[in-house]
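Below: one structure, written as structure tokens.
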Amino acid sequence: MRKFLIIFIMFLAMPVFADTMPFYVDSIPKRTLGLYQTDKEIILYSHPEANSSVIKKMDFSYDPETMPDAVFAVLINEKKLGFLYVTDIGDEGWVEVIYDKRTGAKGWVQTADSMQFQPWRNFYNLYGRKYGLRILKDAPKDIEVLKAKSDEVSQTVSKLNYVQQIKLTVIRGNWALVSAFDLDKTPKTGYLRWRSDDGEIYVFPNIK
């Protein structure tokens, strides 16, 4: 009993790493354009111009105990890596982002460089190729197939069962050329539908 209590107390004392990652289809808003990588501070404006009214200022410490809830699309505190969903783009590096996922509240931020806003294709080609992909938990079962070409009517070359790993080669439209590994470790290569025609995302980079 004493040993159990010690383990329980140690468990409670362990730090909580409040990282954020989408695991369900409906956690990613439809028709988003990509992701905006945050700095330590961001200023949200009402319009894509610096003389418009300031909606909100946000500071990020990347300390799990002080980071705000319902803000990030992706957040890995240890790497100081955070992304917000982008819903629109303007001139001169302005992008509109969702800064409150509960209410859908949006504001405009100005990017500091060309890499700060990553359209979905760029984001997947960078992080998907580095870390691989994972199918979101409530994705339709009919996407768990690999096609010979990047279209719905092409031949099915393989079905995915108990997928352990999905390696991305390239994104082509709403399809991803991948090699998938099941329990038997045999590679299955073909095109996987990662996004629907109306912008619903089924597959996400397995960032770690």
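The values are calculated or read from the model by the stated rules, or taken from the named source; none is laboratory data. Quick caveat, the model's predicted, so the values are computed rather than measured. Please note: Cβ atoms are built from the backbone with ideal geometry, for glycine as well, and neighbour counts cover all protein chains shown. Just so you know, the surface numbers come from the protein's heavy atoms only, side chains and all, with ligands and any DNA or RNA stripped out. Shrake-Rupley method; radii C 1.70, N 1.55, O 1.52, S 1.80 Å.
Worth a mention:
- The stretch 33-91: trypsin sites (Lys or Arg not before Pro) falling in loop per DSSP and having at most 15 other Cβ within 10 Å: K40, K80
- Positive-end extreme of charge dipole, the chain - chosen from L126, A50, V97 (charges on Cβ): L126
- Per-residue ³J(HN,Hα) for the stretch 142-152, Karplus 6.51 cos²θ - 1.76 cosθ + 1.60, θ = phi - 60°, Hz, x for Gly and Pro: 6, 8, 7, 9, 10, 9, 6, 9, 7, 7, 5
- For the chain, a Gaussian network of Cα nodes joined below 10 Å ranks N122, N77, N51 by mean-square fluctuation, and the top entry is N51.
- Local electrostatic count at Y131 - Lys and Arg +1, Asp and Glu -1, tallied over other residues with Cβ under 15 Å: +4
- The stretch 100-125-the stretch 56-79 distance, computed between alpha-carbon centres (Å): 15 Å
- Each of the chymotrypsin sites (Phe, Trp or Tyr not before Pro) that DSSP puts in a loop and that has at most 13 other Cβ atoms within 10 Å breaks the chain; the longest unbroken stretch is 25-161.
- The chain, dipole about Cα centre (Lys/Arg Cβ +1, Asp/Glu Cβ -1), debye to the nearest 20: 980 debye
- Candidates per trypsin sites (Lys or Arg not before Pro) in the stretch 161-197, loop by DSSP, up to 16 other Cβ within 10 Å: K185
- Net charge contributed by nearby residues that have their C-beta within less than 12 Å of N174 (K/R +1, D/E -1): 0
- Cα gyration tensor, the stretch 121-208 - rounded (a/c under 1.5), prolate or oblate: rounded
- Couplings 3J(HN,Hα) of the stretch 98-115, computed from phi: 8, 10, 9, 6, 6, 9, x, 4, 10, x, 9, 10, 9, 6, 7, 7, 5, 8 Hz, in residue order, whole Hz [Karplus 6.51 cos²θ - 1.76 cosθ + 1.60, θ = phi - 60°; x for Gly and Pro].
- Chain lengthening between R102 and T169 when straightened (0.36 nm per residue, less Cα-Cα): 20.7 nm
- Relative counts (whole %) of C-alpha pair distances in the chain, using bins that are 5 Å wide: 1, 7, 13, 17, 16, 13, 11, 9, 6, 4, 2, 1, 0
- Extension gain for H47 to V145 (0.36 nm times residue separation, less C-alpha to C-alpha distance): 31.0 nm.
- Exposure here means at most 15 other Cβ atoms within 10 Å; with GluC sites (Glu not before Pro) in a DSSP loop as sites, the longest stretch of the chain lacking them is 93-151.
- Gyration tensor verdict on the stretch 31-134 (Cα atoms; rounded if a/c is under 1.5, prolate if a/b is larger than b/c, oblate otherwise): oblate
- Per residue, the solvent-accessible area of the chain (1.4 Å probe, heavy atoms of protein chains only, all protein chains present) comes to 59 Å².
- For the stretch 32-48 and the stretch 128-149, distance of Cα centres in Å: 28 Å
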